[in-house]
Amino acid sequence: MTAFPDVAKIKYEGPDSKNPLAFRHYNPDEMVEGKSMRDHLRFAVCYWHTFRGTGSDPFGPGCAVRPWEDGTDSLDMALKRVDVAFEFMEKLGVPYYCFHDRDVSPEGANLAETNKNLDAVVKKLAESQQRTGIKLLWGTANLFSNKRFVHGASTSCNADVFAYSAAQVKKALEVTKELGGENYVFWGGREGYMTIWNTDMKRELDHLARFFHMAVDYKKKIGFAGTFLIEPKPHEPTSHQYDFDCANSLAFLRGYGLDKEFKFNVETNHATLAKHTMGHELVYASANGMLGSIDANRGDPLLGWDTDQFPTDLYLTAHTMLVVLGQKGLGSGGLNFDAKVRRESFEPIDLFHAHVGSMDAFAQGLKIAAAIRKDGLISDVVKQRYSSWDSGVGASIEAGKESFESLEAYMLKKGDADKNVSGRQELIENVLNRYLR
Ligand code: XUL
Ligand code: CO
């Protein structure tokens, strides 16, 4: 059985190709800065949007045409769906995928049955990985869909829900390890609150930290070598999510002695929901040694919610890859398309158009970023802008040799600060356009 009979393996045909089911820029073996595109980009398909997305929204049920689905959430269907997923990923030529436990296998009547279902699907996932060479970028647990998580998981007011969540994450960690997962992600789900009037925030934050400490202890106990990643998001589903953005999450991790155990999985549409650009979040995380992986997508500037669209904007992909190149790669992380096709794009072929276009946009972004780095025009402007720090009083301040008193003496003698120089924003923006050919 084939789910995508009309699609052959997607090939690289070069920038002049007009074939919509070919790559114009993603050429996996092409070397950029001494590394293959495949290894720079480390693309992953996400199981939840691509294989479980139905196109439902708050105004209507799913309308996606998925001929392989039998309309049930049975274990049998879950097993058949694994074949569809691996056919799709093999044809696309992605090296990785990501999943939540509940994307791949259905919940049973109780925890034991749920775990048994998961084991059955994991067995098939392991065989499929073995057969195709496709690997698991990260696993995670869905601690937000089931009604037991109505008040959150580790921040729930119900201690039993904390216990259930611990058991569920324990299992998810075990299967992620079993499948050779290179990271494990914690996205907050419903860890946050809807009204401050019914919320004991201090207690909830303490519980969240205790949960993370337990996860770290168990990771070490079972010898899971992957990276733990926190995925910040400011709002949705709760009005105030605790892992608000990278700065807030780093402060939380430091406050509870957890910062050495985690990095961040930074998501574009989460950055913009926090009124940041993706560039801000990436640079903030990277500057603090915390950029671990990327959930690649984009929002809609006219809509205030998490639209999770496929990214095609070259300014976005080029800047993202500039940050990634700047820190010499994402390590065990990768670029996961946490993105869904629009409800209006309901045919199976739209899944291919979406991924092919975004993979190409990142491959082109990678080439643009490498070109920007190569001729150094933009970095020269930045370097020049900060040149007052390279010698004289600037270098002395950076070296920790100055104080308020010494700087007062310096400025009393000098009378006033040296003149400022222009920021050259328009020049930089014009230079940038030269690369986006
Ligand atoms: C939700 C979101 C999640 C995480 C994994 O906004 O991005 O799908 O990536 O739980
Ligand atoms: Co995400």
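The values are calculated or read from the model by the stated rules, or taken from the named source; none is laboratory data. Keep in mind it's a predicted model, so treat the numbers as computed, not measured. Here the Cβ is made from the backbone with ideal geometry for all residues, glycine too, and neighbour counts use every protein chain on show. Quick note on the areas: whole protein, heavy atoms, side chains included, nothing else; ligands and nucleic acids left out. Shrake-Rupley method; radii C 1.70, N 1.55, O 1.52, S 1.80 Å.
Going residue by residue through the stretch 182-193, is there one that turns out to be farther than 17 Å from Phe244 by Cα and part of a loop (DSSP other than H, G, I, E, B)? Yes: the stretch 182-193 contains one or more residues that are farther than 17 Å from Phe244 by Cα and part of a loop (DSSP other than H, G, I, E, B).
Scan the stretch 144-154 residue by residue and report those that are open to solvent by 40 Å² or more (accessible area, probe 1.4 Å) and within 16 Å of ligand 1 (Cβ to nearest atom). Quick ask: steps written out before the conclusion?
Narrowing the stretch 144-154 to residues open to solvent by 40 Å² or more (accessible area, probe 1.4 Å): 145-148, 150-151.
Selection gives Ser145, Asn146.
Looking only at the stretch 155-173, decide whether some residue is aromatic (Phe, Trp, Tyr), touching a residue at least 24 places away in the same chain (Cβ under 8 Å) and open to solvent by less than 10 Å² (accessible area, probe 1.4 Å). No: the stretch 155-173 contains no residue that is aromatic (Phe, Trp, Tyr), touching a residue at least 24 places away in the same chain (Cβ under 8 Å) and open to solvent by less than 10 Å² (accessible area, probe 1.4 Å).
Return yes or no: is Glu107 under 30 Å from Asp29 (Cα atoms) and open to solvent by 40 Å² or more (accessible area, probe 1.4 Å)? Before the answer, list the steps.
Working: under 30 Å from Asp29 (Cα atoms): no; open to solvent by 40 Å² or more (accessible area, probe 1.4 Å): yes.
Here the answer is no, as Glu107 does not meet what is asked.
For every residue, the table says whether it meets (1) surrounded by 14 or more Cβ atoms within 10 Å (Cβ to Cβ); (2) at negative phi; (3) among the charged types (D, E, K, R); (4) modelled with pLDDT of 95 or more.
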position	(1), (2), (3), (4)
Thr54	yes, yes, no, yes
Pro67	no, yes, no, yes
Asp70	no, yes, yes, yes
Asp76	no, yes, yes, yes
Lys80	yes, yes, yes, yes
Ala85	yes, yes, no, yes
Cys98	yes, yes, no, yes
Leu118	yes, yes, no, yes
Val121	yes, yes, no, yes
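Whenever a residue of the stretch 398-415 is under 21 Å from Ser387 (Cα atoms), its partners that are outside any helix (DSSP H, G or I) and modelled with pLDDT of 95 or more, lying with C-beta atoms within less than 8 angstrom and at least six residues away or across chains, give the pairs Tyr410/Glu402; Met411/Ala417. Meeting the requirement of 3 or more residues that are within 30 Å of Pro20 (Cβ to Cβ), the helices (runs of 4 or more DSSP H) wholly within the stretch 71-163 are 75-92, 111-132.
All but one of (1) free of Cβ contacts under 8 Å to residues at least 60 places away in the same chain; (2) hydroxyl-bearing (Ser, Thr, Tyr); (3) open to solvent by less than 80 Å² (accessible area, probe 1.4 Å) hold for Ser358; which doesn't? The failed condition is (1). Among all positions in the stretch 183-191, there is no residue which is more than 16 Å from ligand 2 (Cβ to nearest atom) and crowded, with 18+ Cβ neighbours inside 10 Å.
Lys135 meets each of the listed conditions (1) open to solvent by 30 Å² or more (accessible area, probe 1.4 Å); (2) free of Cβ contacts under 8 Å to residues at least 40 places away in the same chain apart from (2). Only one of these is within 16 Å of ligand 1 (Cβ to nearest atom) and in contact with a helix residue (DSSP H, G or I) (Cβ under 7 Å, 6 or more places away or on another chain): Phe212, Phe228, Phe244, Phe224. Name it. Exactly one residue qualifies, and that residue is Phe228.
Selection over the stretch 20-50 of residues that are in a strand (DSSP E or B), open to solvent by less than 50 Å² (accessible area, probe 1.4 Å) and away from ligand 2 (no atom under 16 Å from the Cβ) gives a count of 4. Taking the criterion of being of a type in the set (S, T, N, Q) and surrounded by 10 or more Cβ atoms within 10 Å (Cβ to Cβ), the residues of the stretch 392-432 that qualify are Ser396, Ser403, Ser406, Asn430. Among the residues of the stretch 342-352, is there at least one that is closer than 24 Å to Arg81 by Cβ, modelled with pLDDT of 95 or more, within 16 Å of ligand 2 (Cβ to nearest atom) and open to solvent by less than 60 Å² (accessible area, probe 1.4 Å)? There is no residue in the stretch 342-352 that is closer than 24 Å to Arg81 by Cβ, modelled with pLDDT of 95 or more, within 16 Å of ligand 2 (Cβ to nearest atom) and open to solvent by less than 60 Å² (accessible area, probe 1.4 Å).
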